[in-house]
Amino acid sequence: MNDTTDVAIVGGGPSGLAAAIALRNAGVARVSVVDRESAMGGIPRHCAHPGYGIRDLHRVLSGPGYARHYVQAARRAGVHLRTESTVTGWAPGAGLGLEVTSPGGREVLHADAVLLASGARERNRSARWVPGDRGAGVYTTGQLQQEVYFYRRPIGRRALVVGAEHVSYSAVATLRHAGVSVVGLVTELSRQQSYAVFHLGAAAAFGVRPMTGVRVRALHGKPRLSGVELERLDDGRRVVVDCDTVVFTGDWIADNELARLHDGIDVASAALGPVVDTSGATSMPGVFAAGNLCHPVEQADIAALSGRHAGQAVARWLVERDTRVAQAGVPIETDASLEWVHPGRVRSTGDLPARGRFILRPNRFAAFTALRVTQGERTLWHGRGRRLTPTRPTLIPAGWLRAVDLNGPALRIGVGD
Amino acid sequence: MYDVAVIGAGVVGAAIARELAVRGADVVLVDAEDDVGNATSKANTAILHTGFDAKPGTLESRLVARGHTLLSAYARRAGIPLEPLGALLVAWDDEQLAALPGLREKAEHNGYRSARVIGASEVRAREPHVGAHALGALEVPDEGIVCPWTPTLAFVTEAKRHGATVLLSTRVRGAEPRADHVELATTAGGVRAREVVNAAGLGSDTVHRMFGHATFTVTPRRGQLIVFDKLARRLINHVILPVPTAMGKGVLVAPTVYGNVMLGPTAENLDDKRATESTEEGLAQLRAKGAHIIPELLGEEVTTIYAGLRAATEHDDYQVSFHPDQHYTCVGGIRSTGLTSGMAIAEHVAAQLGQRHGLDLGEAPAPDGLPEPPRMPPIGQAQSRPYQQPERIAADPSYGQVVCFCERVSRGEIRDALCSDLPPATADGLRRRTRAGMGRCQGFFCGAAVRRLLDDGPDAPLTAEVDQ
Ligand SMILES: Cc1cc2nc3c(=O)[nH]c(=O)nc-3n(C[C@H](O)[C@H](O)[C@H](O)COP(=O)(O)OP(=O)(O)OC[C@H]3O[C@@H](n4cnc5c(N)ncnc54)[C@H](O)[C@@H]3O)c2cc1C
Ligand SMILES: Cc1cc2nc3c(=O)[nH]c(=O)nc-3n(C[C@H](O)[C@H](O)[C@H](O)COP(=O)(O)OP(=O)(O)OC[C@H]3O[C@@H](n4cnc5c(N)ncnc54)[C@H](O)[C@@H]3O)c2cc1C
């Protein structure tokens, strides 16, 4: 069984759906979004709290409301939505083809262009190398929220939250909703990383304050978790926190399997998603990527705007079959203060990235820092007073793209006056 | 009254129960855990050994070699995932290089003649990602990898189909040999059998003492293991073994039949038979070894970490003994090769029960003879999985409804496991039967849905939307 479409989009989260809508608005006839879940919408479906839609829809919605908005908009735009359809790999042979399994069968979906929008997931305790017992009561936020909001499962009595970024406070809200008391948040970093309102709100409403500079050393207890062993990084002192639940939040990894399974797609060494240029094109002609797969992770509105931007680029590519894609362009490297930059490659001095901004992911805290973009000896851009917060975006404008020498050495972004 | 009570439903007890049940005995299999294969048999390195490095002349040497043959044949018929990849035992320094010819000779003493020494360039050609200091290797073409869980499940399923009774969550507390039978006291009442086989793994010394014997003591020897993401699978083609030491076979890197790569195990002698936790020191040690063996491996994501306990004893061999006067047989101390040797141990035990204990058994069926073993679910990466089979999905669309995305486990397979002869009691048990939840997300995407099906039945709807 086989099918053909103009554009196949893998992942029906905010970025995939926004891309699909943009493609239809640009006049592309057949746009298919393929998602393995039983409903479209991606991660927001199970984030039952407000905080969605500010930058893209200019209003505040809950996660499920936001997901519904995009699903309905995609349906109205005439996007072909396919749920319960898992893309398991690339079909062999010439052209772009995706192997798809669904209750309707096993098929190859052929497409002129493919957009990867498969998102990101949180690293679990093993992926973070946390040793100890394998008792029950160990969650990521994703699993926790599905247990609570989809199936109303009992979770536990006392929970420790690992992480102190936005998603960690989302986990706190979910735990409270499920009647679990939160004994604390812990982060290896020297400060919490979320908005003051979340942080202060959690402190005021639930009496929860993050413990900073603390590392999780082991999980104890079986068949049920009974305690989490913590170490203070400054003096090496250890304590065991008595709890029956632990939620590992944040520490995202791009869901990059399809990108890595394709020899033609370069994968970024730090962000681990496909390397894309400012239009969202990967190193493989006809394959694009957007959303949290490329920038693990930003908020949903940013992912959606990244999808919309890539969708528009795909539509142009279908018409022009842009030859620039075959051209290597120049990579963008970062110094040690930054983990990654998105997009990570420049192939055209005319294409701005989504929102006209590059997203940087800092490795450290800094309040008023100067950042600099260089190519060889040349400084292309220089900006002062930037704030750096790990796990949060630092944005820089993209006007300097015009000055890039596409045959020159790698671009470099880093701290520097 | 049963003919035989087997204490312990690990791979060894399961193999014995199967052998005896297929040959007509009325068997009861008793285990303290809530599932079969829930102790050492669920947490090992899953290598199908040839026995090339065993101590020549031991029972272990003989039974591992025989077990390799029996399990390979059985796996083919029962659909147990097994891949005969071959092993390279790599020498990393001159001393180890000098030891390779001796290891080959030892292999020959063990009756294994296909091992040969290969040079550094051949090692590099066959394993381009191994560390730079590989000086040579002993190639052992018949070492393989096998599913650690399906053999036990297949053996118990087959035993049940031949009338065996399985008593789970039942701990044996005491034993009283009588003139023509044994009375076992358990946490779920008395069990009476003409013969008792002790296959209690870590508890085999305790059970042995219930019969008045103190000939060995089990010292749990922990092995910690790290399972890397499937995207690491491209890094190796063989099982990569180290030169063995006094403490055991050493730390290896091997593919798993699910398509991951495994690094381990450690070897730590402990006192606590429940100490199955992993430790900072253990992981640090494995990290260092792994970086040496396959430097790129540590750049890949870790999917899971676990530890198992070998039932080591003060002796250099399995602790198998027959006590016809007490109607008692001990199959203890099956430390680091029992997955491979289980069927051969069972064959040996059945023969002795017939000859020395006068147990009346039918003919041993030939390895490829009737009756057909049960056909187990194809959970191996090298097998055709239901999600890949158009005909199967057409006949039953639930095989196309993927619930665990990372491992591509369908609702149909989960239903089959929940409705099988041996349904799982826990999420862990379901994972061993289907792979559901053992992938790279470790439940981030599917954990809640899998638990839903386990708790509320295989037809429970999987919620799509949250009401506000
Ligand atoms: C707990 C939590 C709270 C959050 N709170 C907020 C908030 O308050 N406000 C906010 O703006 N953002 C929030 N976010 C972030 C927001 O949800 C994400 O930024 C957004 O969902 C990213 O969209 P995406 O399309 O890139 O990826 P996703 O939403 O992750 O969508 C990816 C989709 O791809 C599908 N997929 C992946 N692989 C395949 C495959 N092989 N075959 C088929 N389908 C596939 C998945 O099923 C999924 O539906 C939160 C996130 C979390 C986890
Ligand atoms: C780290 C590690 C790596 C290994 N690697 C390999 C390998 O690569 N290849 C290989 O062939 N082998 C390997 N092994 C060895 C193999 O796993 C064991 O030899 C095998 O699992 C032993 O099986 P068993 O049935 O004897 O013991 P177990 O699986 O431990 O079963 C014993 C059972 O007895 C039950 N029991 C105990 N006491 C009582 C009681 N009083 N009443 C009721 N029930 C009781 C327990 O609950 C348990 O289920 C490895 C082992 C370890 C730990």
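Taken residue by residue and averaged, Cβ atoms of other chains lying within 10 Å of the Cβ of A:256-264 number 2. In this structure, B:S114 and B:S384 have a Cβ-Cβ separation that, at R0 = 30 Å, corresponds to a calculated FRET efficiency of about 0.55. Normalised by residue count, the range A:1-127 yields a Cα convex hull volume of 128 Å³ per residue. The antiparallel fraction among DSSP beta bridges confined to the range A:328-417 stands at about 90%.
Within straight-line reach of B:K289, meaning a Cα separation under 19 Å, sit the following lysines at least 8 residues removed in sequence or on another chain: B:K249. With respect to chain A, whose longest principal axis is taken over its alpha-carbon atoms, helix A:14-25 is tilted by about 20°. Each chain gives up part of its surface: B and A jointly bury about 4800 Å² of accessible area, both sides summed, for a 1.4 Å probe. Working note: Debye formula, equal point scatterers on the alpha-carbon atoms of the protein assembly as shown, no solvent; log10 I(q)/I(0) at q = 0.08 Å⁻¹ is -0.78.
Spatially, the range A:227-275 and the range B:116-173 are offset by 30 Å when compared through their Cα centroids.
For chain A, the longest principal axis of the C-alpha atoms and the axis of helix A:166-177 are separated by about 50°. Given R₀ = 51 Å, FRET efficiency for A:A336-A:A29 by Cβ-Cβ distance, to 0.05? Calculated transfer efficiency: 0.60.
With helices as the sole contributors, chain A gives -6000 deg cm²/dmol at 222 nm; each DSSP H run of n ≥ 4 counts as -39500 (n - 2.57), and the sum is divided by every residue.
Could you give the Stokes-Einstein D for the range A:328-417 in µm² per second, using the C-alpha Kirkwood radius, 25 °C, 0.890 mPa s? D = 189 µm²/s.
Rounded to two decimals, the Cα-based Rg/Rh of the range B:135-196, with Kirkwood Rh, is 1.27. The equivalent ellipsoid that matches the C-alpha gyration tensor of the range A:133-179 spans semi-axes of 15, 14, 10 angstrom, in descending order. For the protein assembly as shown, with all protein chains in place and a probe radius of 1.4 Å, 50% of the accessible heavy-atom surface sits on carbon or sulfur. Taking 7 Å steps out from each Cα toward its Cβ at B:R375 and B:A246 produces label points 5.2 nm apart.
Quick check: from the Cα gyration tensor, does the range B:1-146 come out rounded (a/c under 1.5), prolate or oblate? It is prolate, given that a/c is not under 1.5 and a/b is the larger ratio.
Two tests apply to each whole DSSP H helix in chain B, Cα reach of 15 Å or more along its axis and mean Kyte-Doolittle hydropathy of at least -1.0, and the ones passing both are B:11-22, B:59-78, B:94-109, B:150-161, B:280-293, B:338-355. Taking all protein chains as shown and a probe of 1.4 angstrom, B:K55 keeps an accessible surface of around 110 Å². Ordered by 1.4 Å accessible area with all protein chains kept, A:R36, A:R191, B:R274 run largest first as B:R274, A:R191, A:R36. DSSP finds beta bridges in the protein assembly as shown, and of those with both partners inside it, around 65 percent are antiparallel. Estimated purely from DSSP H runs of n ≥ 4, each contributing -39500 (n - 2.57), the mean residue ellipticity at 222 nm for chain B is -9000 deg cm²/dmol once divided by its residues. Rg and Dmax over the alpha-carbon atoms of chain A stand at 21.8, 62 Å. What percentages, rounded to whole numbers, describe P(r) for the range A:167-256 computed over all alpha carbon pairs with 5 Å bin width beginning at zero? Going out from 0 Å in 5 Å bins, the range A:167-256 shows 3, 12, 22, 23, 21, 13, 5, 1 percent. For B:K106, a cut-off of 12 angstrom between C-alpha atoms picks up these aspartates and glutamates, skipping any fewer than 8 places away in its own chain: B:D53. Cα axis of helix A:196-206 to longest principal axis of chain A: angle in degrees, 0 to 90, nearest 10? Its long axis makes an angle of about 30 degrees.
Label sites at B:T426 and A:R215, each approximated as a point 7 angstrom past Cα along Cα to Cβ, lie 3.0 nm apart. With the convex hull of the Cα atoms taken as the outline of chain B, the averaged projected area works out to 23.4 nm². Comparing Cα centroids, the range B:227-246 and the range A:301-320 end up 42 angstrom apart.
A viscosity of 0.890 mPa s and a temperature of 25 °C, combined with the Kirkwood radius over Cα pairs in Stokes-Einstein, give a translational diffusion coefficient for the range B:380-455 of 199 µm²/s. Here, the range A:116-269 yields an orientationally averaged convex hull projection of 10.5 nm² when only Cα atoms define the hull. If you sort the three axes of the alpha carbon gyration tensor as a ≥ b ≥ c, you get a/c of 1.5 or more for the range A:1-75 and a/b no higher than b/c, which makes it oblate. When every Cα-Cα distance of the range B:208-306 is counted in 10 angstrom steps from zero, the calculated P(r) takes the values 15, 43, 26, 11, 5, 0 percent.
Charged side chains reduced to their Cβ positions (Lys and Arg at +1, Asp and Glu at -1) give the range B:386-456 a dipole of some 260 debye around its Cα centre. Using the Cβ-Cβ distance between B:E183 and B:A214 with R0 = 30 Å, the FRET efficiency computed as 1/(1 + (r/R0)^6) comes to roughly 0.90. Once the chain from A:T379 to A:Q72 is taken as fully extended at 0.36 nm per residue, the excess over their C-alpha distance is 105.9 nm.
Spatial offset of the range A:82-118 relative to the range B:298-354 amounts to 46 Å, using the alpha carbon center of each.
At the residue level, A:D263 shows approximately 150 square angstrom of accessible surface with a 1.4 angstrom probe and all protein chains present. For the range B:14-58, the alpha carbon positions stretch 37, 26, 15 Å along the principal axes, listed from largest to smallest. Its Cα centre serving as origin, the range B:9-93 has a Cβ charge dipole (Lys and Arg +1, Asp and Glu -1) of approximately 440 debye. Shielding value for B:269-280 is 3, the average number of Cβ atoms from other chains within 10 Å of each residue's Cβ.
The values are calculated or read from the model by the stated rules, or taken from the named source; none is laboratory data. The shown structure was predicted, so the numbers you read here are calculated from the model rather than taken from an experiment. Neighbour counts run over all protein chains shown; Cβ positions are idealised from the backbone, glycine included. Ligands, DNA and RNA are stripped out before the accessible areas are found, and what is left, the full protein with its side chains, is counted by its heavy atoms. Shrake-Rupley method; radii C 1.70, N 1.55, O 1.52, S 1.80 Å.
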